[in-house]
Amino acid sequence: MFGTMAASTTLCLSPSINSSTFNFHHKKISNSTLSFTNSHCFSLSAPSLMHFSFQSSSRRQTHFFAAAASSSAASAECVVEPATNVKFQKSLSLPGNADSLVLFGTGYREKVFAIIGVKVYAAGLYLNQSIISELNAWKGQSKDKIQGNSSLFKTIYQSSLEKSLQIILVRDVDGKTFWGALNDAISPRIAKPTTVEETALSTLSRTFLSKPLKKGTFIFLTWVDPSKLLVSISSNVVPSSVDATIESANVSSAIFDVFLGDSPISPSLKASVADGLSKVLK
C-alpha cells in the first residue's frame, strides 16, 4: 500500500515502561521500509503487522548506552573545521605512504564575489609524527611565533618524511575552475618554468580537468619527499589509488608554499597548523 514511510522525529523510548511487549496493530503494510533519523531501517515483509518488541528496561538501557558510547567514539576520531563544519579524521593511511599520518590543523578557502565571501573548501594538513623530532629548534615557541616563522615550515617541507594536504569541497567546482585558481597561485612562484616543470603542470591540469569535482570530493596532495607529489581524488572517501605523480621539486615546493608559505591562500589553515605544532613542541 505504501512505498516508504519516513519519520523525521527521533524515536524516544522511556525506560519507565513496564510492559515487556507492545504490539501495534495498524493497517497492513506491503513491501515497505520504515526509515528513522538515526539511520536505522526496519524492513517489513508483506503482508505483515508492525510489531515492536521491547525486552526488559535494563536491556533497553544497556543498548542505549552502548549506542551512545559508539557514537562518542566515532566523534572522538574526527576533528571538525568550525567555519565549514567539515569533519577530518585525526589520522589516516594514504596510498603511496608507508606510515599513518596525523592531523595537525584545519582551515578553509574563501573566495570573494561582489564583496561576499564564499567558502569553497575545507583543508587539513597531515604529517608523519616523526617529523616533530626535526623541529626541536622551535620547542617552547608560541603559536604566533611559529606561524610567522617561515624557516619552520620550510623544514617541514624539506623533510624526507611524508606530509599530505586534504581538501574537501563544500560546493560544486568544475575542474577547469579549480585548476585555474590553483594555477594562478602557483604561477607567480615559478617565474620561468622549465620543460620538467611544464610537464608537471600539464599533468596536474589534465588530472583536475578529467574529474567531476562535486561537493564532498576529497583531494589529497601528498608529498612523499620534497621532489615527489602524489595527487589522489575521490568522492567522499579516502582514496585507494593515486591519480597522478608529479616529479618536479619546484612545482611540489610551489604548491606547498601556496598553502603554508608567507602568503598562504588559507590563512586559517596555517594558523591552525601553527597552533597544533605549538602544543606538541611545548
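The values are calculated or read from the model by the stated rules, or taken from the named source; none is laboratory data. Because the structure is predicted, anything quoted here is derived from the model rather than measured. Here Cβ is always computed from backbone atoms with ideal geometry, including for glycine, and neighbour counts include all displayed protein chains. What goes into the accessible areas is simple: the full protein's heavy atoms, side chains included, and nothing from ligands, DNA or RNA. Shrake-Rupley method; radii C 1.70, N 1.55, O 1.52, S 1.80 Å.
Summary of computed values
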read-out	value
Condition check for residue 170: open to solvent by 40 Å² or more (accessible area, probe 1.4 Å) and at negative phi	no
Any hit, the stretch 201-214, residues being assigned to a helix (DSSP H, G or I), touching a Pro at 6+ places or on another chain (Cβ under 9 Å) and in contact (Cβ under 8 Å) with a residue 24 or more places away in the chain	yes
Test: residue 270 is crowded, with 17+ Cβ neighbours inside 10 Å and within 27 Å of residue 137 (Cα to Cα)	yes
The listed residue being at pLDDT 95 or above and assigned to a loop (DSSP other than H, G, I, E, B), out of 161, 182	161
Out of 118, 112, sole residue that is open to solvent by less than 50 Å² (accessible area, probe 1.4 Å), farther than 22 Å from residue 252 by Cβ and either part of a strand (DSSP E or B) or charged (D, E, K, R) (or both)	118
Scope the stretch 123-143; condition assigned to a helix (DSSP H, G or I) and more than 14 Å from residue 276 (Cβ to Cβ); matching residues	130, 133, 134, 136, 137
Matching entry among 219, 255, 265, 246 (being at pLDDT 95 or above and open to solvent by 10 Å² or more (accessible area, probe 1.4 Å))	265
Condition met for residue 230 (part of a helix (DSSP H, G or I), open to solvent by less than 40 Å² (accessible area, probe 1.4 Å) and within 22 Å of residue 94 (Cβ to Cβ))	no
Flag if residue 153 is aromatic (Phe, Trp, Tyr), touching a helix residue (DSSP H, G or I) at 6+ places or on another chain (Cβ under 6 Å) and either open to solvent by 50 Å² or more (accessible area, probe 1.4 Å) or under 23 Å from residue 217 (Cα atoms) (or both)	no
Residue list for the stretch 164-179, filter: closer than 15 Å to residue 105 by Cβ and either among the hydrophobic types (A, V, I, L, M, F, W, C) or in a helix (DSSP H, G or I) (or both)	165, 167, 168
